[in-house]
1. Which of Lys136/Lys185; Lys45/Lys92; Lys18/Lys150; Lys111/Lys150; Lys111/Lys185; Lys76/Lys185 have a Cα-Cα distance over 27 Å?
2. Mind pulling up the Rg/Rh value for the range 176-283? Radius of gyration and Kirkwood radius, both on Cα.
3. How about the range 220-303: which trypsin sites (Lys or Arg not before Pro) there lie in a loop by DSSP and see at most 13 other Cβ atoms within 10 Å?
4. Per DSSP H run of n ≥ 4, the term is -39500 (n - 2.57); total these for the chain, divide by its residue number, and report the mean residue ellipticity at 222 nm rounded to 500 deg cm²/dmol.
5. Based on other C-beta atoms within 10 Å, arrange Leu258, Leu37 from fewest to most.
6. What are the extents of the Cα atoms of the range 95-154 along their three principal axes, listed from largest to smallest and rounded to whole Å?
7. Give me the distance in nm between label points sitting 7 Å out from Cα along the Cα-to-Cβ direction at Ser89 and Thr261, one decimal.
8. What distance in nm separates the two pseudo spin-label positions at Gln186 and His73, each 7 Å out from Cα along the beta-carbon direction?
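FYI, it's all coordinate maths here, none of it is from the lab. Given the structure is predicted, the values throughout are model-derived calculations rather than measurements. Glycine gets a Cβ as well: all are built from the backbone with ideal geometry, and neighbour counts include every protein chain shown.
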Amino acid sequence: MNDSPMVEIDGLEHRYGKNIALAGIDFQVERGEIFGLLGPNGGGKTTLFRILSTLIRPYAGTARILGTDVNQHPEKVRRHFGVVFQSPSLDKELTARENLVHQGHLYALNKSELRARCDTLLEQVGLADRAGDRIKTFSGGMQRRLEVAKGLLHQPELLFLDEPTTGLDPGARSDLWQYLNRLCKQDGVTILVTTHLMEEAERCDRLVILDQGKIVSMGSPTELKQQIGGDVVSLQTADPETLLCQLRERFDTSAEILNGTVRFEYDKGHELVRDLLTAFGENIDSVTIGKPNLEDVFIRHTGHQFWEQNLESTR
């Protein structure tokens, strides 16, 4: 039995001309987990997705699925994964069942096997009662669930999802993620998802945070947030530079200015508020205190906010 990790990335590099998309990254995805690639546009996650799904070859390094190099044996690794791309791939003039049947023909599934798989998947994604309806009558959430069904038709062990909830309303997002969790925990399918949404990354078992082609942090959402430790305090003021200097002198903080807001991390920050307002109340318009989130982790490791840098989204 193959006991290799589901995905292994070693020293992976890629570039587009002089633009570095991946700068020698390393990580593993274990079997039976939902693993996230979180990063802003241009962070490198889409390039990594394309390499793993055998659409492009890396500049250097290796990517393996179940121990098999995706470059050297692309046909072999394709049997093990399904893909749901960000761009829709359904024929809206066909019915839900017809879309699945055409996908099944690509995998040379025999008639009886294909019929059974279509029935099972339509039931699993909650579309059995709409099997004969044309896709153009489906909501965005229904279409996305059918996209997932297409990716699972050949019973892969690994499912790649690129920005799976793009364009969906909050309710449809929640429904899709409930299904993905059942798929992973009950059926044992390993899921690798790219996202730029913090709330989606929170749903992953583990994730890597990417910025400018580099992994800036990796772990479970809880582990990553624990890196911050204390509270995150944000101060709105008309004169952030002056307030920043005052804070550093009086409270010995590592405060910084991000988009006009003075921000710092402080153990038991709520206990500091009274002292802050007593000392600098005339210079403070508002105070916000919160527990660390994944954006705070991103800021800690990069020094800038998630959407601050306008990088090329083609990376």
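1. Details: Lys136/Lys185 32 Å; Lys45/Lys92 29 Å; Lys18/Lys150 37 Å; Lys111/Lys150 16 Å; Lys111/Lys185 29 Å; Lys76/Lys185 25 Å.
Flagged as over cut-off: Lys136/Lys185; Lys45/Lys92; Lys18/Lys150; Lys111/Lys185.
2. On the way: Rg = 19.2 Å, Rh = 16.9 Å.
For the range 176-283, the value is 1.14.
3. Numbers: sites: Lys225, Arg248, Arg250, Arg263, Lys268, Arg274, Arg300; in loops: Lys268.
Of the trypsin sites (Lys or Arg not before Pro), the ones in loops of the range 220-303 whose Cβ has at most 13 other Cβ atoms within 10 Å are Lys268.
4. Details: 11 runs with 108 residues, N = 315.
Computed ellipticity for the chain at 222 nm equals -10000 deg cm²/dmol.
5. Values: Leu258 14, Leu37 27.
Final ranking by Cβ density, sparse to dense: Leu258, Leu37.
6. Cα spread of the range 95-154 along its principal axes, largest to smallest: 30, 18, 16 Å.
7. In this crude label model, Ser89 to Thr261 measures out at 3.8 nm.
8. Roughly 3.3 nm, to one decimal.
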